[in-house]
Amino acid sequence: MEQRAWRTLVALTTRLPAALDTQLQRESGITHFEYFVMTLLSEEPGHRLQLSELAQKANASLSRLSHVVSKLERLGWAERVTITGRRGAQAVLTDAGFRKITEATPGYLECVRGLVFDGLDEEQTEQLLALGETLVAQLDKGMGRGLGRSGRPISHLDVNSQETG
């Protein structure tokens, strides 16, 4: 059962982002990650956030986030602002970026509902939330122990006894 559950999770975590990317690129010319970053900025006071904090909220490395913010800057949807006396910079969603995210949101929400929530009742949605929170907490716990991070050997694991292959 563990193997079936794992493969189902892999299918979900690979197919869903690809479908969201396809939909957003077709309808709005942006990737799912770009949409997510702009949405996070749109929800902040002044539509701005320190890059390191934005990377954390976006579940991304600072280098990946910096690359995306550079692209958004080229498109006129965001800008980088250095705050005097503080380390790092802030990403700021421009008015054009806010309009872009506002225009993309209805189609995005329709896609999310059609791909995920239309197939769930209220109880299943609550279960999904609880399971998702549990899985994210376990992921954080495992990564805190060094699992899934570069530089950590996995030789201490007996991969032959794992059913998750």
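Before moving on, here are some points about what is shown:
- Flag for ARG7 being more than 18 Å from the chain's Cα centre (by Cα) and either surrounded by 15 or more Cβ atoms within 10 Å (Cβ to Cβ) or in a helix (DSSP H, G or I) (or both): yes
- Any hit, segment 3-22, residues being over 18 Å from CYS111 (Cα atoms) and in contact with a strand residue (DSSP E or B) (Cβ under 7 Å, 6 or more places away or on another chain): no
- When GLU103 is tested against the conditions (1) in contact with a Gly (Cβ under 9 Å, 6 or more places away or on another chain); (2) open to solvent by 40 Å² or more (accessible area, probe 1.4 Å); (3) of a type outside the set (Phe, Trp, Tyr), the lone failure is (1).
- Selection from segment 110-144 of residues that are touching a Gly at 6+ places or on another chain (Cβ under 9 Å) and either hydrophobic (A, V, I, L, M, F, W, C) or at pLDDT 95 or above (or both): LEU139
- Looking only at segment 107-119, residues that are surrounded by 13 or more Cβ atoms within 10 Å (Cβ to Cβ) and either part of a loop (DSSP other than H, G, I, E, B) or free of Cβ contacts under 8 Å to residues at least 60 places away in the same chain (or both) come to 3 in all.
- Residue check, ALA104 touching a residue at least 24 places away in the same chain (Cβ under 8 Å) and part of a loop (DSSP other than H, G, I, E, B): no
- Positions within segment 92-146 being in contact with a His (Cβ under 9 Å, 6 or more places away or on another chain) and more than 23 Å from GLU53 (Cα to Cα), in sequence order: TYR108
- Options THR22, THR31: the member that is in contact with a Leu (Cβ under 7 Å, 6 or more places away or on another chain) and among the polar types (S, T, N, Q): THR31
- Within segment 85-101, the residues that satisfy the criterion of being charged (D, E, K, R) and more than 20 Å from LEU62 (Cα to Cα) are ASP95, ARG99, LYS100.
The values are calculated or read from the model by the stated rules, or taken from the named source; none is laboratory data. Please read these numbers as outputs of a predicted model, since none were measured by experiment. Don't worry about glycine lacking a Cβ; one is built from the backbone with ideal geometry, like all the others, and counts go over all protein chains shown. Note: areas computed on protein heavy atoms with side chains; ligands, DNA, RNA excluded. Shrake-Rupley method; radii C 1.70, N 1.55, O 1.52, S 1.80 Å.
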